[in-house]
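**Student:** Shown below is the structure under consideration.
All of the numbers you see were taken from the coordinates with simple rules; none came from a lab. What you see is a predicted model; the values in this text were computed from it and never measured. As a convention, Cβ positions derive from the backbone with ideal geometry for all residues, glycine included, and neighbour counts pool all protein chains shown.
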Amino acid sequence: MFTHLECPYFFIETDVLVGSRVVDKHKYCLLEMQECFETYCMRKDQAEQSLEEIKVSSKQQSLGDGGSFPIQCSEEQKLDLCQKLYKLIFQLVMLFESYIKLLDCFKLVQTASQVNILKIL
């Protein structure tokens, strides 16, 4: 998976590819990436919200006891945050895999003269 870390820019003559399966695969891959990205954003917001709940709970505890005891948040809050972070990481992997599918889609036509892959350093 990490062998695909390069992020090239593609320029393709659309007139040549009209009606080909590459355009359809490209559309499908972009829709899949969009869905993964939207879900990633949702999972990120959920994880941030869970973290904020822990922060608020810790702040309330420290203010309630005068700051003399160590701060403790509930095990349920910790478990909830861990679950949401796991889902976030999994969604990030899904997003990366959908990007790899998009790159593989273009590798099919890379040898054609109408496709130029630009690598910007």
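**Student:** What's the extension gain from L92 to C73 if we count 0.36 nm per residue and subtract their Cα-Cα distance?
**Tutor:** Numbers: separation 19, 0.36 × 19 = 6.84 nm, distance 2.74 nm.
Separation in residues times 0.36 nm, less the Cα-Cα distance, equals 4.1 nm.
**Student:** Report the label-to-label distance for K55 and L108 in nanometres (one decimal), using points 7 Å from each Cα along the Cα→Cβ vector.
**Tutor:** Calculated label separation equals 4.6 nm.
**Student:** Please list, or write none, the lysines whose alpha carbon is within less than 20 Å of the alpha carbon of K27, excluding same-chain residues fewer than 8 places away.
**Tutor:** K27 reaches K101, K107.
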